[in-house]
1. Cα axis of helix A:74-103 to longest principal axis of chain A: angle in degrees, 0 to 90, nearest 10?
2. Taking R0 as 25 Å, what FRET efficiency do you get between B:Gln111 and B:Glu61 from their Cβ-Cβ distance, rounded to the nearest 0.05?
3. Compute the Cα gyration tensor for the protein assembly as shown, then decide on rounded, prolate or oblate, letting a ≥ b ≥ c be the square roots of its eigenvalues: rounded whenever a/c is under 1.5, prolate when a/b is larger than b/c in the other cases, and oblate in all that remain.
4. Nearest 0.05, what FRET efficiency do A:Leu186 and B:Lys119 give at R0 = 56 Å with Cβ-Cβ as r?
5. Using +1 on the beta carbon of Lys and Arg, -1 on that of Asp and Glu, and nothing else charged, what's the dipole of chain A about the Cα centre, debye to 20?
6. Quickly work out the A:Ile31-to-A:Ile195 label distance, labels modelled 7 Å from Cα along the C-beta direction, and quote it in nm with one decimal.
7. Please list the helices of chain B that count as membrane-span-like by this rule: a mean Kyte-Doolittle hydropathy of at least 0.0 together with Cα atoms stretching 15 Å or more along the helix axis, each helix being a complete DSSP H run.
8. Could you compute the FRET efficiency for B:Glu268 and B:Ser23, with r as their C-beta to C-beta distance and R0 at 41 Å, rounded to 0.05?
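Here, each number is a calculation from the coordinates, and none is a lab measurement. These numbers come from a predicted model, not from an experiment. Virtual Cβ from ideal backbone geometry, glycine too; neighbours counted across all protein chains shown.
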Amino acid sequence: MKGLILKDLYILKGYGKHYGLIFLFLLLWSISIRSFNFMTMYIVIIGSSLVMSTMSMDEAVSFNRFALAAPLDMRTIVKSKYLLFLITVGGGAGISILLNLLFTGKDSSYEWYGFIAIVTLFLIANGVALPAIFKFGVEKARYVNFLTMILVAAVTAGGFLMADKAGIPEENMEMFFKRGFGIGCLMLGGAVLLISYFVSVRIVAKKGL
Amino acid sequence: MEHAIKVQNLYKQYDGFKLDNISFEIPTGTIVGFVGENGAGKSTTISSLLGLIPVDEGRIEVLGHEVKRDEKDGSWKEQVGVAFDECNFPTVLKVKDVQNIMKNIYHTWDQDKFMGYMKRFEIPLNKKIKELSKGMKMKLSIAVAMSHDSRLLILDEATSGLDPVVRNEILDLFREYIEDEQHTIFMSSHITSDIEKVADYIMLVHKGKLLFMENKDEMLYNYGIVRCTGEQAALLPGDIVIGKEETRFETSVLVKDINRVKESSFFEEAERISGSRPIVDRANIEDVLLYIVRSEKQM
C-alpha cells in the first residue's frame, strides 16, 4: 500500500508547479475580495481530479497489471485509490479551512455550511465515479463524475427552492443547518464512499484490472 | 525433477477464443520459450499463471504455490519477477522514484542489485521514464523483475520491438540469471531467433491449444523440411508430417523425425517415381511455427 501511495504522490509531484501557480493566483484574488468560496470549491475539485489523473496515468501504461503481478492483491490496489482520494480531498479541505480561519475569521458561519456541502458533493460524485473508472476506464468515468455532481447540486438547489416556495422562514433553515446538517452531510458522503469501495472491489474481482 | 510451474487442464473461454485444456510443466533451472502467433493464447496463459484473470477450469502451481485469483496473500509473488511487453511505470516518474516505490512493494527488494543494473545498462537515475528510449525502458522493467528475490522470471514479449544489440544484452542477462540452476525463465516472444539462442525448451501454442513442448536441441536435430514434388510427399509416413506447403513448383513438408526419413527407403522410392531426389533442410523454430499455421490455413 505504501509503495502505491508513494507512486501516486510522485506522479502528483509532477503537477506541483502547475497547480501551485494557479493556487497562488486564486489565493491573491480571494484575499483581495475577502471571500474564499470559489477557492474552496476549486481546491476540492483539484483534490478529486488529481486521483483521476493518477488513474489515467496508470491506465496508459497498464500499471495495475504489473501491480497485480507483484505481491499486492486487488483490494490493496483499489484501497490505495480511495486512500489517495481522502488524502487529496482532505488536504484540499484542510487548506481551505486554514485559509478561511486566517482571512475571514470565525464569524462566517454560512460559508462553513457551504464548504461542508461542497466537500459532501465531491465525496458523493467521486463515490459514484471511482467504481465507474474501474468498470469503464477514466475517460468515460469523468462524465459520470460531472453528471453526478450536477445531479447532486440540482437536488440540493431544488430543495432550497422548494423550501423557499413552501414559505419556510430563513431562521428555520439556519436551525436545520445548526442541528446536524454538517455531520449529516459528511456521514452521507462517508457512507457513499464506503459503499463505493465495496462496489469497486466487486467490479475489479469480476472484471479484472 | 523439480518444477517451477505446473499447469493441469487449464481452460479459459472468451468470446471467440478459448484456451483449451492446456497442461505443461516447466523444469526448474531452465529457460522455456513460449511461441505462437498473435492471439494464440500466450498472454492469456501468462495472465492465468499470475492470477491476473479468472480461469474457468484447471490447476496452476507456481513455485509450489497453488495460484488462485483474488487471494489475499500475494507473498509468493516476491519470488516471481515479471516483465510485460511495455514498461508499466507511469512515464512521469523518474528512475530513482521507481526504486523507492519498489522498495515499498517488495520486501525482498535489493537496492544494490538494482543500482548495479542501472549502472550496467547506463540508465540515469534522474531521468523521467518518458525520456528513456524503448530499449532502456525494457531494461528498466527487466532490472525491476530481477532486483528482488525472484526465482522465476515470467516475460511476456519483453524483448519485442527492441534492436538486436539491446536484445542481445538482455539475453546475456537471462543466461547469467539461470547459471546457478535454481532460477527459471518462462518467456513468450515473437522473435523466434531469441528463443532459439537461449531457450532449453520450446512450447508452441496455436489457437488456444498447446501443440508441443520439446527440448530445443532435440527439436532442432529432429525436425526437418523435405522439399520434393507432391507425388513424392505422399510417400512420407503420415505420423511424422507436421505441416505441408504446396506451390506450383514444389511441395515442402515439415517432418518431426528427419532421421526416420533418412533411414527409410523414401529417397530411393521418391527418385524412382519422379526422377529427382528430394532435398532435406534443417528446420528452425520459425519454420515450425509457420508450417503449422500455414498448413491449417490451407486446410
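1. Once rounded, the angle reads 30 degrees.
2. Numbers: r = 31 Å, r/R0 = 1.24.
The formula returns an efficiency of 0.20 here.
3. Numbers: a/c = 3.20, a/b = 2.49, b/c = 1.29.
Here the protein assembly as shown falls in the prolate category.
4. Approximately 0.65, to the nearest 0.05.
5. Details: 19 positive and 11 negative charges, 171 e Å.
The dipole magnitude comes to about 820 debye.
6. In this crude spin-label approximation the distance works out to 4.3 nm.
7. On the way: long enough: B:134-146 (18 Å, 0.68); B:164-177 (19 Å, -0.19); B:285-298 (20 Å, 0.04).
Correct list, ordered by number: B:134-146, B:285-298.
8. On the way: r = 41 Å, r/R0 = 1.00.
Efficiency, rounded to the nearest 0.05: 0.50.
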